[in-house]
Amino acid sequence: MAESAWTRRILVTGGAGFIGTNLVRYWVRDHPDHLVVNLDRLTYAGHREGVQDLEALPNYRFVHGDICNRELVETLFGLYAIDGV
């Protein structure tokens, strides 16, 4: 599906942590018409293994990065036309 075809484009920060992983899994499963972009720095609390199986899904993207990196976040907003955080 083209990036512009999604009805919503959600950015989840910290989506590889305990709470974030559960939110991402719920959203990807229950909203297949929404694109979920998961931004996580993968520090002590974030583990990519918890969401790695989602990477094959068309409505999921993982980005390894820091929410404090303004340039990266602006790039993600532009690239994916994020309309919810």
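The values are calculated or read from the model by the stated rules, or taken from the named source; none is laboratory data. Everything quoted here is computed from the prediction, not taken from an experiment. We place every Cβ from the backbone using ideal geometry, glycine too, and count neighbours over all the protein chains shown. Remember, those area values only see protein heavy atoms, side chains included, never the ligands or the DNA or RNA. Shrake-Rupley method; radii C 1.70, N 1.55, O 1.52, S 1.80 Å.
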ask   = For the chain, what is the charge dipole size about the Cα centre, in debye to the nearest 20, if Lys and Arg each add +1 at the Cβ and Asp and Glu each add -1 at the Cβ?
value = 100 debye
query = Hey, in the GNM for the chain with a 10 angstrom Cα cutoff, which one of HIS34, HIS47, HIS64 fluctuates hardest?
reply = HIS64
remark   = Rounded to a whole %, the carbon-and-sulfur portion of the accessible area of the chain at a 1.4 Å probe is 57 percent
key: Global form of the chain, assessed from the alpha-carbon gyration tensor, a/c cut-off 1.5   = oblate
ask   = In a GNM of the chain with a 10 Å cut-off on Cα contacts, which of ARG61, ARG70, ARG48 has the highest mean-square fluctuation?
value = ARG70
task = Please give the net charge around ILE67, taking every other residue with its beta carbon less than 11 angstrom from that of ILE67, where Lys and Arg add +1 and Asp and Glu add -1.
result = 0
For the chain: relative contact order, % (alpha-carbon pairs under 8 angstrom, 6 or more apart) = 36 percent
